[in-house]
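A quick write-up on the structure given underneath.
Just so it is clear, none of the values below were taken in a lab; they were calculated from the coordinates. Computed from a prediction, not measured in an experiment: that's the story for all the values here. Cβ sites come from the backbone with ideal geometry, for glycine too, and all protein chains shown count toward neighbours.
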Amino acid sequence: MGKFSKLLLSSLAAVSLSGVAHAQYFKDKTITMVVNYAAGGNVDIEGRIFERHLGRHLVGNPTIIVNNVPGAGGLTAINQLGVGVGVKDPSTTLGFVTFNPMAVLIEDPALRVKIENFAMLGGLGAYYVTYARKDALPGAQRPQDIAQATSIQAAGYARSSVHDVRLRLMLDLMGPRYQVITGFQSIGAVNLAIAQNEINFMLTTLPGYETQVVPNLIDKGIAIPLWQIGLRRPDGTLGGNEKVGRSGVRFFEDVYFDAFGKVPSGPKYQALQIINEMMAQLARAIVMPPGARPEATQELRQAIKALGSDDVFLADYRRIIKEDPILTSGDEAQNLVRRIAAETGPDVKAALRNAVGTD
């Protein structure tokens, strides 16, 4: 064997050993997964599916525990992760959080940390469905009847959360008299309030709609679906959930047209579209706090990516959520956040800031 060949093999061996060393960072360690909403809600349910399966793709199959930190529309947990509150080791801590692009786009003072300082490991997209109590709608109780409603009371999580802002943008565009009552901690609490006629309008992820809203409110005749929120494709068409579409739930744009005979437009609608695109691809962000070691970040990125071809994980997700996961890689998630921030113009930012206003 020549001298060059020996040097090449030695170099390859060194790289291989380095890869093995980096690929076992979590052996004999415990990982804490911080979820930014209360136990039993949509985010918590999805996070615990990841918690059950993620460890198999890490050397040593480490223990993963879930820590729920609700509050401020999800920002309490993100702020604590960012400044290190309750974080013993940033390299063994990750966040499974509802992502709030609003806080970044409008420079919300409630967000006390910089999102770019987090390591983006991956994400989970989601489609959304709105629903309302039947008795909240006048006339024939069709989805477009909400335009004539005089007392819509929508359930919010926090004034500046992406959830509350989308509610305001949609209701501003549709035109009913409404109020957003904020401060709810979970979708379970919201649905109970709807059943008790304390709230009458809500927006939730498709998994939350299928697993909680349909059996507890729709099937019991208390509420009806209004519209689904989809992702606008490059060719201008809307893409959403085919199953929901087959059940008769149309897109927001269709319901708007039924009510007003024209398509929605203007800065408020542009703002809604930007948020919808972000949430369709990154409703949940999986992040590590500032200071996490690069080898830990890389191993977790690879493990999350591997879940996309893990038949056991996919089967468990489908069994509970009733849908396939919409997985986003760490690189895709980071690029999406940067692109949306760069492409959001002043008129749209103004519409977003106005939508954060108090009722």
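I'd like the distance between the alpha-carbon centres of the stretch 69-135 and the stretch 274-330, rounded to an integer number of Å. Value for the Cα centre distance between the two parts: 14 Å. Across every pair of non-identical alpha carbons in the stretch 278-353, the mean reciprocal distance, once inverted, gives a Kirkwood radius of 14.8 Å.
Maximal additional length on extending the Asp311-Gln24 stretch stands at 101.0 nm, based on 0.36 nm per residue less the C-alpha distance. For Val180, nonlocal amide neighbours, meaning residues 5 or more places apart or on other chains whose placed amide H falls under 5 Å from its own, are Ala154. Modelled label positions at Val263 and Lys243, each set 7 Å beyond Cα in the direction of Cβ, lie 3.0 nm from each other. Determine, from the Cβ-Cβ distance of Lys88 and Asn117 and an R0 of 22 Å, the FRET efficiency 1/(1 + (r/R0)^6), rounded to the nearest 0.05. Computed FRET efficiency for Lys88 and Asn117: 0.75.
Taking each DSSP H run with n ≥ 4 as -39500 (n - 2.57) and averaging over every residue of the chain yields -12500 deg cm²/dmol at 222 nm.
Report, in listed order, any pair from Lys29/Lys88; Lys243/Lys305; Lys29/Lys322; Lys220/Lys262; Lys88/Lys114 with a Cα-Cα distance greater than 22 Å.
Lys243/Lys305; Lys29/Lys322; Lys220/Lys262
I need the calculated FRET efficiency for the pair Val66 and Asn335, taking r as the beta carbon distance and R₀ as 22 Å, to the nearest 0.05.
0.20
Please list the equivalent ellipsoid semi-axes of the stretch 159-201, computed as the square roots of five times the alpha-carbon gyration tensor eigenvalues, in descending order and whole angstrom. For the stretch 159-201, the ellipsoid semi-axes come out as 19, 13, 7 Å. The C-alpha atoms of the stretch 32-134 occupy a region whose extents along the principal axes are 50, 35, 20 Å, arranged from largest to smallest. Normalised radius of gyration (Cα atoms, divided by 2.2 N^0.38 Å) for the chain: 1.07. Between the listed residues Thr344, Phe26, Pro234, the Cα displaced farthest toward the positive end of the dipole of the chain, a dipole computed from Cβ unit charges relative to the Cα centre, is found at Phe26. In vacuum, with every alpha carbon of the stretch 128-278 counted as one equal point scatterer, what does the Debye formula give for log10 I(q)/I(0) at q = 0.14 Å⁻¹? Two decimals, please. For the stretch 128-278, the Cα-only Debye profile gives -0.63.
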